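In what follows, a structure is listed as structure tokens, so that the remarks can point back to it.
The values are calculated or read from the model by the stated rules, or taken from the named source; none is laboratory data. Since we're looking at a predicted model, the values are computed, not measured. Reconstructed Cβ throughout: ideal geometry from the backbone, glycine too, with neighbour counts over all protein chains shown. Accessible surface is based on the protein model in full, side chains and every heavy atom, while ligands, DNA and RNA are left aside. Shrake-Rupley method; radii C 1.70, N 1.55, O 1.52, S 1.80 Å.
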Amino acid sequence: MTGSYFLLSLNKSHGSGFLLKLASCFSQFTSRGGSTLLRGVPGNPFGSMQMRIPSFFQRQPSNVESSSSNGKPLKIDMDNLPWDPSERKPISSYHPSQKDEIRRTYLLRGPCQPQGKKDDFPQTQVGNGDKLRRFNPKWYTEKHGNWLEYSVKTDKVYCLYCYLFHESGQNDAFVSEGVRCWHKKDEKLNEHVGKGNNTFHKRAVEKGEDLLKEAQSILACNGNYSQKDRKEYRMRLSASVMIAQGLLNGGLPFRGHDESEESLYRGHFIEFLKLFGQMNEAIGKVILGNAPGNNQMTAPSIQKDICNCFAEEVLKKIFEELGDDVFSILVDESRDISKKEQMAVVLRSVDKLGFVKERFIGLVHVKETTALSLKSAIDELFAHYNLSLGTVRGQGYDGTSNMSGEFNGLKTLILKENSSAYFVHCFAHQLQLVVVALANKHLEICKFFEEISKLTNVVGASCKRIDLLRESQRERLQESGNQEMSIARAGDTRWSSHDKTLLRLLTLYPCVLDVLEYIETSAWDDIHKAQAYGLQLYVKSYKFVFYLHLMKYILGVTNLLCVALQRKNQDIINAVELVRSTKEEL
């Protein structure tokens, strides 16, 4: 659920106004009765997630339908459907209620494969040279024969499965205009099938195989239940969807530490569902303990499925907004708390109004951090969402060799496929690398920051020492009137965080000396006394004070530049000017 939760809670205020929204939802449930869940909640009390319950259960396909698909279904003679691939209408032009029946008819009929001798097919000059080539009917019996179709009218080959399950955004010649590849038959057919298990073609084949299993269809399974059972099931599912929508909108956790019936609090999801039942009697009669044991719609797997559905709806809106425009890709990888390597993918584009938009697409688990492994993961992600590397116009990674390597890096592998996908190393990251490299190259500065790290660890080693620091600071605050603060620890990956540490240390300098003197005289361990004594000598030295003021000024200048470079509305010309002015100031 991590990727879906992060996607839905991005750019939202976590938990703000959630109880007020939930109370508003309860009030509408109480006033409208149990049927409210079936109709959806007017006004959408859960904030900016504009998706009501009917739209969730009755989503229309993303592709554009013809007039017949929007109104009542037209009567279609299944026995007289066009046989030649070039004469068929797009599957999206049929009414949604008739699509599966049409697909099943074509699948049972099989691909269009006119028989005859090789000499019966017309010759065509294909490729370079004067040699004439033609279609060979023996290809029907080879490994691609289960989907390969031949059109006598256009003298081209098509794909049956990709035609039947054509996805929005998929641009494949085997579906629309056909392919004449007599001189490179194996190469073109293998390229259409693709590598891996997540290609357009292989997903279409799986859908076709599943469609022929009528016993597993929703209609067959749903017909085994009564109208009352179906209505109760829909109410349970609707309640679970509404709870999930509110929790996701507030960025709140779903599950509790103890979800057993004896627990005082079983987690947000179940507890809010219980409140639904208490506020509405019709809902309370069909949820939790009143529902069948295997049909309560509260299992963690069902919660994740609902979250994934919302995530897909959000991504659908993102890709609709993106359309066929070009975009840049931003990628970075890091380990999560379970020691899994996760790759985060973000798309950066400019909308029709000229505003820069950055959209988080998802987290992808990668077993290795090699360039080939990352490239393969990006290919699978793009294939899943019908994106193309051909529309990428920019790449943004860090400076590691596997990402931005000149010969085998990820940016080089993508550039081989699309020479227009220019790579730009993050200016802020480059700046941090420069500061770190120069600081480590100067031995005294390197030692200075090591002592700073040791100082923050010693002063903040226990609650008693932190209280001493606050008490010493409180006496001085009464005289100066400034705000109370503590020593900030510097981050390992953000060198600019050292600027904050030095500023705090400069302000708390006399208070830090008081704590070190106390540790030197009152610590029970001689090692701690010696450590405080050594730090006290170094902190009082002229060298420390000089480096403290010097690095405070340098990091202050570079930190201002780092913050400016990370603004979303920053352009390349202004960024170069900022770098130039910073160099002059230094």
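Details
- Flag if residue 320 is loosely packed, with under 15 Cβ neighbours inside 10 Å and either assigned to a strand (DSSP E or B) or of a type outside the set (A, V, I, L, M) (or both): yes
- Boolean, residue 208 is open to solvent by less than 50 Å² (accessible area, probe 1.4 Å) and either closer than 12 Å to residue 85 by Cβ or not in a helix (DSSP H, G or I) (or both): no
- Unique match (being surrounded by 16 or more Cβ atoms within 10 Å (Cβ to Cβ) and touching a helix residue (DSSP H, G or I) at 6+ places or on another chain (Cβ under 7 Å)) among 408, 402: 402
- Taking (1) outside any helix (DSSP H, G or I); (2) touching a helix residue (DSSP H, G or I) at 6+ places or on another chain (Cβ under 9 Å); (3) over 30 Å from residue 423 (Cα atoms) in turn, residue 570 satisfies each apart from (3).
- Selection within the range 55-93 - modelled with pLDDT under 70, open to solvent by 50 Å² or more (accessible area, probe 1.4 Å) and assigned to a loop (DSSP other than H, G, I, E, B): 58, 59, 60, 61, 62, 64, 72, 73
- Qualifying residue in the range 243-258 (condition: open to solvent by less than 40 Å² (accessible area, probe 1.4 Å), farther than 24 Å from residue 159 by Cα and at pLDDT below 85): yes
- Residue match in the range 168-182 (condition: at pLDDT below 80 and part of a helix (DSSP H, G or I)): yes
- Pairs where the first residue, in the range 269-286, is assigned to a helix (DSSP H, G or I) and at pLDDT below 85 and the second is among the charged types (D, E, K, R) and crowded, with 18+ Cβ neighbours inside 10 Å, C-beta under 9 Å, 6+ apart: 283/236
- For residue 328, the conditions (1) over 23 Å from residue 568 (Cα atoms); (2) open to solvent by less than 50 Å² (accessible area, probe 1.4 Å) all hold with the exception of (1).
- Residue count for the range 525-562, restricted to those that are of a type in the set (A, V, I, L, M) and open to solvent by 80 Å² or more (accessible area, probe 1.4 Å): 3
- Cross-chain or 6+ apart pairs with Cβ under 9 Å, the range 242-260 first and under 21 Å from residue 289 (Cβ atoms) and among the β-branched types (Val, Ile, Thr), then surrounded by fewer than 16 Cβ atoms within 10 Å (Cβ to Cβ) and modelled with pLDDT under 85: none
- The residue that is modelled with the highest pLDDT, counting only those in the range 429-465 that are surrounded by fewer than 17 Cβ atoms within 10 Å (Cβ to Cβ) and among the small types (Gly, Ala, Ser), is 453.
- Taking the range 347-369 as the range and being open to solvent by less than 80 Å² (accessible area, probe 1.4 Å) and either touching a Ser or Thr at 6+ places or on another chain (Cβ under 9 Å) or among the small types (Gly, Ala, Ser) (or both) as the test, the residues that pass are 347, 348, 349, 354, 356, 357, 358, 359, 362, 363, 366, 369.
- Qualifying residue in the range 136-145 (condition: of a type outside the set (Gly, Ala, Ser), at negative phi and open to solvent by less than 10 Å² (accessible area, probe 1.4 Å)): no
- Residue satisfying all of: in the range 146-162; in contact (Cβ under 8 Å) with a residue 60 or more places away in the chain, in a loop (DSSP other than H, G, I, E, B) and not basic (Lys, Arg); least open to solvent (accessible area, probe 1.4 Å) among these: 154
- Test result for residue 99, among the basic types (Lys, Arg), at pLDDT 80 or above and either at positive phi or open to solvent by less than 30 Å² (accessible area, probe 1.4 Å) (or both): yes
- Counting only residues that are in a helix (DSSP H, G or I), over 23 Å from residue 586 (Cα atoms) and touching a Leu at 6+ places or on another chain (Cβ under 9 Å), the range 420-451 holds 1 of them.
- Residue match in the range 331-340 (condition: part of a strand (DSSP E or B), of a type in the set (Lys, Arg), surrounded by fewer than 16 Cβ atoms within 10 Å (Cβ to Cβ) and at pLDDT below 85): yes
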